[in-house]
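A quick write-up on the structure given underneath.
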Amino acid sequence: MPFALCSLLSVLCSMLPPSLRYKSFAPSGLECYYGPVKPEDLLRISKPSRYMGGELNSVVKDPDRVKLKFALAFPDAYEVGMSHLGFQILYHLLNEYPGVACERAFAPWPDMEKLLREKGVPLCSLESSRPLREFDVVGFSLQYELNYTGVLNILDLAGIPLRAQQREDGYPLVIGGGPCALNPEPLADFFDLFLLGDGEEAALEICREMIASRERGEKKETLLERMSRIQGVYVPSFFRPEYGTDGRIREMVLLKNDLPQITRRILPDLETGAFPSRPILPFMEVIHDRLNIEIARGCTRGCRFCQAGMIYRPLRERSPRKILDLVKAGLENTGYDEVSLLSLSTGDYSCIDPLISSILDHTRAGRVALSFPSLRVETLTPSLIQRVQEVRKTGFTLAPEAGTERLRRVINKGNTEEDLLFTIQQVFSANWRLVKLYFMIGLPTEGEEDLEGIVALCRKALQVARRSKGSAHINVAVSTFIPKAHTPFQWEAQSSMDEVQRKHQFLRKKLDRHGLNFKWTDPRLSFLEGVFARGDRRLGGALETAYSLGCRLDGWGEHFRYERWEKAFSQSGIDPAIYSRMRGLGEILPWDHLDSRVSKSFLREERERALQAISTPDCRRASCNGCGVCFGADSLSNRIASGEDAGTRLPFPAAPGKNASFPVRRFRCRLTKLGPARLLGHLEFSQLLNRAFRRAKVPLAYSQGFHPLPKIAFGPPLPVGYESLAEYVDFQIQGRFRPEEALLQLNRVLPQGVEMTEGQEIPLKFPSIFDNIYAILYDIWVHGPSGAREEKIGRFEKAGTFPVIWSRKNRSIDLKIFLNSVKLLDDRTIRLWLLFGPEGTLRPEEALAFIFGWSEQQRPDMRIRKIDVQFKGSEPCPPRS
């Protein structure tokens with residue numbers, strides 16, 4: 001994936017230390033840099049405001065007034081990390097704690113990494129541009145095994161030694177948490193400690209111990225001993241694995257006396273857990289670009305392949321009233337147009353019907369859509385389908401997982417073919433055009449008949465869909481089963497890459513027909529994920545070697561280089577296939593010394609039931625299955641939302657609706673794009689304004705149809721790096737609207753550098769901004785010696801024609817037709833009037849290059865500001881008749 005300048009500038013620009021900032025010679029003392037933007041410009045731009053890098057709702061604390069500086073690091077790209085809800089929860093939780101400043105860092109894209117290394121710039125946090133090396137703690141969110149090279153890359157770019165034993169007392173404490181911490185052994189040599197389980201309570205306990213230790217002046221070893229007493233904390237240096245001659249673990253030796261059992265930390269009641277009411281609002285589009293609300297944690301279904309279903313037990317549901325409060329606050333503080341209700345199985349939430357009704361009562365008028373990213377086939381009821389489409393149709397992904405009833409019993413999936421076909425019929429009858437079906441291959445006991453079952457089930461589903469919707473399409477996504485730690489299938493073998501490829505070929509051939517779109521996961525990615533998912537400490541050397549060979553962002557197909565991993569395993573003397581083999585039931589597993597609270601005896605029993613194709617009932621609807629999580633010393637149990645909230649619609653005040661008696665009106669506003677806002681691309685800037693309209697409660701009018709959109713129209717896109725005093729936006733409203741009050745409210749919620757300077761109502765049929773522009777006025781401040789600029793401008797002015805080759809359009813033009821006038825205001829300031837027309841519009845730097853004869857290499861640094869727009873009429877905003 002290339003470095004997306006237009007979207008990532010606003011993020012990566014603040015990862016620079018103060019020594020690399022500077023002020024330009026621009027007038028008025030404005031901090032700026034010279035555009036248009038090039039990647040290397042990132043290393044010399046000014047510190048953005050709290051809205052850039054520190055985005056809306058981010059937190060910036062004075063580092064001199066806190067006792068602990070905590071860098072929360074995500075070992076993948078920004079758009080992935082900022083989509084992760086747990087990352088946002090911990091960020092706000094830590095920043096709400098007095099004495100702690102939490103800031104963020106992400107893995108840079110390869111070209112940014114290259115630039116940082118070339119310039120000798122350390123990786124810094126987003127909020128304060130502080131090098132990560134200067135933090136007290138660097139905490140990694142470990143969500144995916146193929147992010148492990150990202151951990152090493154962040155440490156390396158920060159100037160922090162990779163291995164824990166190399167880090168003396170002056171370095172940050174490196175900690176990790178997340179689902180991968182339930183088998184962290186491949187990373188054990190690089191981390192000081194791991195946190196197993198929920199972090200809401202334990203993260204604060206870790207911070208308190210860190211602060212107390214620093215005040216006592218304790219050594220790192222003493223601090224780690226104190227940390228090891230916190231429930232859920234695992235210090236890997238306190239254990240040493242010993243291996244037998246067969247390469248298997250013979251013993252996990254405890255190196256410290258009197259250490260408590262390392263047990264997964266559990267937040268007993270989700271209702272009391274921290275949750276951000278003001279989530280950070282990214283300016284760029286992220287993977288899950290919506291308001292995410294966790295309605296439940298844990299699952300009682302007991303799918304035997306599902307690690308999350310095991311390691312997040314017990315089930316804890318948040319109350320409907322609390323969820324509604326979070327939805328209301330989150331929408332008010334972000335301006336999102338979609339709410340996603342998150343859990344491992346959203347349709348199983350006890351109060352789902354009254355909850356959805358109450359949310360829609362509040363959000364319907366604002367055209368806020370609802371989505372459910374995790375739905376079981378049998379929980380997608382007709383009423384749920386109807387409610388999803390009330391505002392806007394969001395996508396449906398259904399997961400049968402297996403193609404036959406027998407194999408679904410093996411994995412304890414619990415749904416039937418009839419469930420799926422009924423749901424398909426209901427969805428397409430509601431006028432959906434596309435549904436995604438998700439399957440796994442390589443499941444334990446899978447045979448050829450199970451692959452045929454996938455084909456048959458998909459064909460039946462398409463037939464049912466086409467009876468309801470003639471243009472129906474179904475995407476069939478197939479992934480490879482990967483055995484994970486702490487599941488009933490943790491002992492099973494993983495299919496070889498050759499076997500997976502054979503199955504892919506079979507399915508691709510059978511499903512290659514109109515209406516079915518077959519997609520699959522690269523078998524090499526799945527194999528490598530499986531190696532590290534059940535790996536041991538010996539993989540640390542291979543991981544470090546792979547990193548040194550250039551492995552980065554391995555979860556992104558375009559950056560994945562399997563041949564480098566093969567070389568790394570070879571140089572490390574490791575056969576990775578040993579980690580995909582069947583494990584013996586009596587074998588010591590790398591994670592056996594870590595207690596997930598689900599007993600190993602229960603996992604064995606579930607495995608035996610799987611081999612006999614016997615289902616295990618949902619413990620929420622049947623008796624306790626004895627997994628070992630509930631009813632112990634901690635008195636844990638499933639917590640179900642119930643009582644008065646469960647049976648009726650909640651009394652949640654509805655948002656004011658649009659009154660049909662109000663006419664649709666159209667307005668045109670002029671606004672600025674200055675300072676840090678110049679780093680936003682056109683799409684990001686458009687989204688920023690759209691969400692600002694929502695936060696300001698402007699009653700926008702919407703289009704009709706399948707996907708209603710607000711009626712907002714912009715002028716020509718401004719290149720990234722340009723400033724502007726004359727951007728224009730048209731919008732239509734329907735409802736109570738007082739322009740003067742609305743502009744004031746909009747300016748209160750807009751970020752620094754963006755301001756509505758004037759606005760006026762215009763006729764509904766008046767020409768668009770694009771159609772009404774005649775010319776655009778720019779001022780350009782040019783760096784470097786002035787040379788013969790006045791002479792060359794005079795030569796252009798006197799010429800009758802000025803033929804040039806416009807390389808961007810690959811054609812010859814007369815510059816006189818495109819450039820109305822050019823003036824030298826002083827030695828460094830040039831003013832241009834560029835004509836705007838159907839043949840295209842020159843960029844200011846292009847026009848100057850033609851006049852002064854600059855090549856691409858000779859073009860000096862410059863700062864460009866759009867000053868004004870001349871419209872074809874006398875006024876940009878004629879009065880409404």
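Considering the stretch 421-465, and only residues there that are of a type in the set (D, E, K, R) and at pLDDT below 95, the residue that is most open to solvent (accessible area, probe 1.4 Å) turns out to be R433.
Report yes if some residue within the stretch 189-206 is open to solvent by less than 20 Å² (accessible area, probe 1.4 Å), in contact with a Phe, Trp or Tyr (Cβ under 8 Å, 6 or more places away or on another chain), acidic (D, E) and at pLDDT 95 or above; otherwise report no. The answer is no, given that none of the residues of the stretch 189-206 is open to solvent by less than 20 Å² (accessible area, probe 1.4 Å), in contact with a Phe, Trp or Tyr (Cβ under 8 Å, 6 or more places away or on another chain), acidic (D, E) and at pLDDT 95 or above. Each residue in the stretch 729-743 was checked for being more than 30 Å from the chain's Cα centre (by Cα) and part of a strand (DSSP E or B), and 3 pass.
For L341, indicate whether it is touching a Phe, Trp or Tyr at 6+ places or on another chain (Cβ under 7 Å), closer than 30 Å to T480 by Cβ and in contact (Cβ under 8 Å) with a residue 12 or more places away in the chain. Judged against the criteria, L341 is a match.
If the condition is being in contact with a strand residue (DSSP E or B) (Cβ under 6 Å, 6 or more places away or on another chain) and open to solvent by 30 Å² or more (accessible area, probe 1.4 Å), then the stretch 274-303 contributes only R290. If only residues of the stretch 334-376 that are outside any helix (DSSP H, G or I) and among the small types (G, A, S) are counted, the one that is nearest to L56 (Cα to Cα) is G335. Checking each residue in the stretch 617-636 for being surrounded by 14 or more Cβ atoms within 10 Å (Cβ to Cβ), at pLDDT 90 or above and either closer than 13 Å to P320 by Cα or not β-branched (V, I, T) (or both) picks out P617, D618, C619, N625, C627, G628, C630. Once the stretch 371-420 is narrowed to residues that are of a type in the set (S, T, N, Q), open to solvent by 20 Å² or more (accessible area, probe 1.4 Å) and modelled with pLDDT of 85 or more, the residue that is farthest from L603 (Cα to Cα) is T397.
Determine, yes or no, whether S821 is of a type in the set (S, T, N, Q) and either within 18 Å of G784 (Cβ to Cβ) or open to solvent by 30 Å² or more (accessible area, probe 1.4 Å) (or both). Taking the combined requirement at face value, the residue does not satisfy it. Of the residues making up the stretch 855-879, just one is in a loop (DSSP other than H, G, I, E, B), closer than 23 Å to G753 by Cα and either in contact with an Asp or Glu (Cβ under 6 Å, 6 or more places away or on another chain) or at pLDDT 85 or above (or both), namely D861.
Of the residues making up the stretch 357-368, those that are surrounded by fewer than 22 Cβ atoms within 10 Å (Cβ to Cβ) and either in contact with a helix residue (DSSP H, G or I) (Cβ under 8 Å, 6 or more places away or on another chain) or among the aromatic types (F, W, Y) (or both) number 4.
Candidates are the residues of the stretch 746-767 that are in a helix (DSSP H, G or I) and touching a residue at least 12 places away in the same chain (Cβ under 8 Å); the one that is least open to solvent (accessible area, probe 1.4 Å) is L746. If you go through the stretch 686-705 and pick out every residue that is under 18 Å from E755 (Cβ atoms) and either aliphatic (A, V, I, L, M) or open to solvent by less than 10 Å² (accessible area, probe 1.4 Å) (or both), you end up with 6. Considering the conditions (1) aliphatic (A, V, I, L, M); (2) assigned to a helix (DSSP H, G or I); (3) within 30 Å of F631 (Cα to Cα), L331 is excluded by exactly one of them, (3). Checking G178 against (1) more than 17 Å from V80 (Cβ to Cβ); (2) open to solvent by 10 Å² or more (accessible area, probe 1.4 Å), only one condition comes out false. Which one? So the condition that G178 fails would be (1). Taken over the stretch 768-812, the criterion of being of a type in the set (A, V, I, L, M), in contact (Cβ under 8 Å) with a residue 24 or more places away in the chain and out of contact with any helix residue (DSSP H, G or I) (no Cβ under 6 Å at 6 or more places or on another chain) is satisfied by I769, I773, A775, I776, L777, V782, I793.
Listed by first and then second residue, the pairs with beta-carbon distance under 9 Å, at least 6 apart or on different chains, first residue in the stretch 562-587 and open to solvent by 90 Å² or more (accessible area, probe 1.4 Å), second at pLDDT 95 or above and in a loop (DSSP other than H, G, I, E, B), are K567/L549; Q571/L549; M582/W491; M582/E492; M582/A493.
Looking only at the stretch 816-854, how many residues end up being farther than 18 Å from P719 by Cβ and in a helix (DSSP H, G or I)? Total meeting the criteria: 4.
Taking V253 as meeting all but one of (1) surrounded by fewer than 17 Cβ atoms within 10 Å (Cβ to Cβ); (2) within 31 Å of the chain's Cα centre (by Cα); (3) β-branched (V, I, T), write down the number of the exception. Going through the list (1) surrounded by fewer than 17 Cβ atoms within 10 Å (Cβ to Cβ); (2) within 31 Å of the chain's Cα centre (by Cα); (3) β-branched (V, I, T), V253 breaks only (2). From the list K519, K510, K503, the one residue that fits, being open to solvent by less than 40 Å² (accessible area, probe 1.4 Å), among the basic types (K, R) and in contact (Cβ under 8 Å) with a residue 12 or more places away in the chain, is K503. Scanning the stretch 483-500 for residues that are of a type in the set (A, V, I, L, M, F, W, C), crowded, with 23+ Cβ neighbours inside 10 Å and either closer than 13 Å to D522 by Cα or over 30 Å from the mean Cα position of the chain (by Cα) (or both) turns up just one, V500. The listed residues are Y312, Y349, Y336, and the only one of them that is open to solvent by 30 Å² or more (accessible area, probe 1.4 Å) and either in contact (Cβ under 8 Å) with a residue 12 or more places away in the chain or β-branched (V, I, T) (or both) turns out to be Y312.
Within the stretch 315-324, one or more residues are assigned to a helix (DSSP H, G or I) and in contact with a His (Cβ under 9 Å, 6 or more places away or on another chain).
When every residue of the stretch 654-668 is checked against the conditions, none turns out to be surrounded by 15 or more Cβ atoms within 10 Å (Cβ to Cβ) and closer than 23 Å to G840 by Cα.
Of note, R133 satisfies the criterion of being part of a helix (DSSP H, G or I) and either closer than 27 Å to M82 by Cα or open to solvent by 20 Å² or more (accessible area, probe 1.4 Å) (or both).
If you go through the stretch 515-550 and keep only what is in contact with a strand residue (DSSP E or B) (Cβ under 7 Å, 6 or more places away or on another chain), polar (S, T, N, Q) and either in a helix (DSSP H, G or I) or farther than 28 Å from L457 by Cα (or both), you end up with just S526.
The values are calculated or read from the model by the stated rules, or taken from the named source; none is laboratory data. Computed from a prediction, not measured in an experiment: that's the story for all the values here. Don't worry about glycine lacking a Cβ; one is built from the backbone with ideal geometry, like all the others, and counts go over all protein chains shown. With ligands, DNA and RNA removed, areas are computed over all heavy atoms of the protein, side chains included. Shrake-Rupley method; radii C 1.70, N 1.55, O 1.52, S 1.80 Å.
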